[in-house]
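Remarks on the structure that follows.
The values are calculated or read from the model by the stated rules, or taken from the named source; none is laboratory data. Note that this is a predicted model, so its numbers are computed, not measured. For neighbour counting, all protein chains shown are included, and Cβ atoms are generated from backbone atoms with ideal geometry for every residue, glycine included. Just so you know, the surface numbers come from the protein's heavy atoms only, side chains and all, with ligands and any DNA or RNA stripped out. Shrake-Rupley method; radii C 1.70, N 1.55, O 1.52, S 1.80 Å.
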Amino acid sequence: SCYHNHDYRGMQSYLDEKIQFSDYAFDINGEKVNAMWHWFCIPYEPRKNPIEVPEFEIIETKGDTVIAKYRVKYLYGEGERPVNYYIKAHFTIQNDRIIKHHDEFFNISEYEFAKMAFGLPWAFAAFTPVLRFIVKIGASNKLEQFMLKHKDD
(Lines give C-alpha, C1' and ligand atoms only; values in the text may rest on other atoms or scores of the structure.)
Protein backbone atom coordinates (compact mmCIF):
# COMPACT_ATOMS: atom_id res chain seq x y z
CA SER A 1 0.00 0.00 0.00
CA CYS A 2 2.94 2.35 0.55
CA TYR A 3 4.03 2.03 -3.10
CA HIS A 4 0.42 2.39 -4.30
CA ASN A 5 0.11 5.59 -2.21
CA HIS A 6 3.55 6.88 -3.28
CA ASP A 7 4.67 6.81 0.37
CA TYR A 8 8.39 6.22 -0.14
CA ARG A 9 9.20 6.91 3.51
CA GLY A 10 6.74 4.21 4.53
CA MET A 11 8.35 1.83 2.05
CA GLN A 12 11.81 2.67 3.37
CA SER A 13 10.72 1.94 6.94
CA TYR A 14 10.30 -1.75 6.01
CA LEU A 15 13.78 -2.08 4.51
CA ASP A 16 16.90 -3.29 6.27
CA GLU A 17 19.74 -0.78 6.04
CA LYS A 18 21.70 -3.32 3.96
CA ILE A 19 18.76 -4.15 1.67
CA GLN A 20 19.70 -5.77 -1.65
CA PHE A 21 17.50 -5.09 -4.67
CA SER A 22 17.72 -6.50 -8.18
CA ASP A 23 15.61 -6.40 -11.31
CA TYR A 24 16.04 -5.86 -15.05
CA ALA A 25 17.53 -2.39 -14.52
CA PHE A 26 19.19 -2.49 -11.09
CA ASP A 27 21.54 -4.45 -8.86
CA ILE A 28 21.77 -2.09 -5.89
CA ASN A 29 21.80 -2.06 -2.10
CA GLY A 30 21.40 0.16 0.96
CA GLU A 31 20.77 3.84 0.42
CA LYS A 32 20.48 3.39 -3.35
CA VAL A 33 17.41 1.19 -2.82
CA ASN A 34 15.88 3.88 -0.58
CA ALA A 35 16.63 6.50 -3.24
CA MET A 36 15.13 4.32 -6.00
CA TRP A 37 11.78 4.05 -4.17
CA HIS A 38 11.84 7.80 -3.51
CA TRP A 39 12.51 8.41 -7.22
CA PHE A 40 9.69 6.10 -8.33
CA CYS A 41 7.17 7.69 -5.92
CA ILE A 42 7.48 11.33 -6.98
CA PRO A 43 7.14 13.20 -10.26
CA TYR A 44 10.60 13.48 -11.77
CA GLU A 45 11.63 14.64 -15.24
CA PRO A 46 11.01 13.36 -17.77
CA ARG A 47 8.37 11.23 -15.95
CA LYS A 48 5.72 13.79 -14.99
CA ASN A 49 3.84 11.44 -12.65
CA PRO A 50 4.97 8.83 -10.14
CA ILE A 51 4.85 5.18 -11.13
CA GLU A 52 1.35 3.82 -10.61
CA VAL A 53 0.83 0.54 -8.77
CA PRO A 54 -2.85 -0.25 -9.39
CA GLU A 55 -2.61 -3.88 -8.21
CA PHE A 56 -0.64 -5.80 -5.58
CA GLU A 57 -1.22 -9.36 -4.41
CA ILE A 58 0.71 -11.72 -2.15
CA ILE A 59 0.95 -15.05 -3.98
CA GLU A 60 2.84 -17.17 -1.46
CA THR A 61 4.55 -17.00 1.93
CA LYS A 62 6.99 -19.65 3.05
CA GLY A 63 9.27 -19.16 6.04
CA ASP A 64 11.18 -15.93 5.54
CA THR A 65 10.16 -15.62 1.86
CA VAL A 66 7.20 -13.71 0.44
CA ILE A 67 6.30 -13.84 -3.24
CA ALA A 68 4.00 -11.16 -4.60
CA LYS A 69 2.66 -9.96 -7.94
CA TYR A 70 2.13 -6.31 -8.68
CA ARG A 71 1.33 -4.19 -11.69
CA VAL A 72 3.16 -1.02 -12.67
CA LYS A 73 2.08 1.67 -15.11
CA TYR A 74 4.16 4.65 -16.17
CA LEU A 75 5.23 6.74 -19.13
CA TYR A 76 8.82 5.97 -20.07
CA GLY A 77 11.41 8.41 -21.34
CA GLU A 78 11.14 11.66 -23.20
CA GLY A 79 8.83 10.00 -25.72
CA GLU A 80 6.49 9.12 -22.83
CA ARG A 81 5.92 5.59 -24.09
CA PRO A 82 3.16 3.86 -22.04
CA VAL A 83 4.51 0.93 -20.03
CA ASN A 84 2.10 -1.41 -18.24
CA TYR A 85 3.05 -4.87 -16.95
CA TYR A 86 3.09 -7.21 -13.95
CA ILE A 87 6.10 -7.90 -11.78
CA LYS A 88 6.75 -11.00 -9.71
CA ALA A 89 8.54 -9.92 -6.54
CA HIS A 90 10.55 -12.16 -4.22
CA PHE A 91 11.12 -10.73 -0.73
CA THR A 92 13.35 -12.17 1.96
CA ILE A 93 12.37 -11.00 5.46
CA GLN A 94 14.58 -11.02 8.55
CA ASN A 95 13.82 -9.33 11.89
CA ASP A 96 10.64 -7.81 10.38
CA ARG A 97 12.66 -6.07 7.66
CA ILE A 98 13.11 -6.78 3.97
CA ILE A 99 16.75 -7.77 3.45
CA LYS A 100 16.46 -8.89 -0.17
CA HIS A 101 14.04 -7.98 -2.94
CA HIS A 102 14.19 -9.35 -6.49
CA ASP A 103 11.71 -8.34 -9.21
CA GLU A 104 11.21 -10.08 -12.54
CA PHE A 105 8.76 -9.76 -15.41
CA PHE A 106 5.58 -11.74 -14.68
CA ASN A 107 3.38 -11.61 -17.74
CA ILE A 108 5.73 -10.44 -20.49
CA SER A 109 9.10 -11.28 -21.99
CA GLU A 110 12.13 -8.99 -22.13
CA TYR A 111 11.30 -8.45 -25.80
CA GLU A 112 7.73 -7.35 -25.00
CA PHE A 113 9.01 -5.01 -22.28
CA ALA A 114 11.61 -3.52 -24.64
CA LYS A 115 8.98 -3.06 -27.34
CA MET A 116 6.77 -1.12 -24.89
CA ALA A 117 9.54 0.99 -23.37
CA PHE A 118 11.83 1.55 -26.37
CA GLY A 119 9.90 0.53 -29.46
CA LEU A 120 11.26 -1.16 -32.55
CA PRO A 121 14.05 -1.76 -33.54
CA TRP A 122 15.45 -1.56 -29.97
CA ALA A 123 13.16 -4.38 -28.87
CA PHE A 124 15.19 -6.82 -30.97
CA ALA A 125 18.22 -6.03 -28.79
CA ALA A 126 16.37 -7.83 -25.96
CA PHE A 127 17.48 -11.08 -27.59
CA THR A 128 21.08 -10.14 -26.75
CA PRO A 129 22.72 -8.94 -23.51
CA VAL A 130 23.20 -5.50 -25.10
CA LEU A 131 19.84 -3.98 -24.18
CA ARG A 132 19.99 -5.08 -20.55
CA PHE A 133 23.52 -3.66 -20.26
CA ILE A 134 22.36 -0.32 -21.73
CA VAL A 135 19.30 -0.25 -19.45
CA LYS A 136 21.42 -0.95 -16.34
CA ILE A 137 23.94 1.79 -17.22
CA GLY A 138 21.17 4.29 -17.96
CA ALA A 139 19.18 3.44 -14.82
CA SER A 140 22.30 3.65 -12.65
CA ASN A 141 23.22 7.06 -14.08
CA LYS A 142 19.67 8.39 -13.63
CA LEU A 143 19.54 7.12 -10.04
CA GLU A 144 22.88 8.80 -9.26
CA GLN A 145 21.55 12.09 -10.70
CA PHE A 146 18.39 11.76 -8.64
CA MET A 147 20.41 11.08 -5.48
CA LEU A 148 22.55 14.19 -6.06
CA LYS A 149 19.48 16.35 -6.65
CA HIS A 150 17.56 14.97 -3.64
CA LYS A 151 20.36 14.31 -1.14
CA ASP A 152 18.71 16.55 1.46
CA ASP A 153 15.19 15.05 1.14
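Between Gln145 and Gln94, with labels modelled 7 Å along Cα→Cβ, what's the label distance in nm to one decimal, could you check?
Modelled inter-label distance: 3.5 nm.
Just reorder Cys41, Cys2 by solvent-accessible area, largest first, 1.4 Å probe, all chains present.
Greatest to least solvent exposure: Cys2, Cys41.
If amide H atoms are built 1.01 Å from N in the plane of the peptide, which residues on other chains or at least 5 residues away come under 5 Å of the amide H of Tyr76?
Long-range HN contacts for Tyr76: Arg81, Val83.
If Lys and Arg each add +1 and Asp and Glu each add -1, what is the summed charge of the other residues whose beta carbon sits under 12 Å from the beta carbon of Leu131?
Computed value for this residue: +2.
Share of antiparallel DSSP beta bridges in the chain, in percent to the nearest 5?
Given both bridge residues lie in the chain, the antiparallel proportion sits at roughly 90 percent.
With the Cα gyration tensor of the range 26-107 giving a ≥ b ≥ c as the square roots of its eigenvalues, does the rule (a/c under 1.5 for rounded; else a/b larger than b/c for prolate; else oblate) give rounded, prolate or oblate?
oblate
So for the chain, if I pair up every lysine 8 or more residues apart or on another chain, how many of those pairs have alpha-carbons under 14 Å apart?
For the chain, the number of qualifying lysine pairs is 11.
Here are labelled values, (i) 56; (ii) 48; (iii) 45, and one is the computed percent of Cα pairs over 21 Å apart for what I pasted. Which one?
Here the calculated entry is (iii).
I need the phi-derived Karplus couplings for the range 80-93: 6.51 cos²θ - 1.76 cosθ + 1.60, θ = phi - 60°, integer Hz, Gly and Pro marked x.
Going residue by residue, I get 6, 6, x, 10, 7, 7, 9, 10, 9, 10, 10, 10, 10, 10 Hz, with x marking Gly and Pro.
Tell me, what HN-Hα J-couplings in whole Hz come from the Karplus equation 6.51 cos²θ - 1.76 cosθ + 1.60 at θ = phi - 60° for each residue of the range 9-16, using x for Gly and Pro?
Residue by residue, the range 9-16 yields 5, x, 4, 4, 5, 8, 9, 5 Hz.
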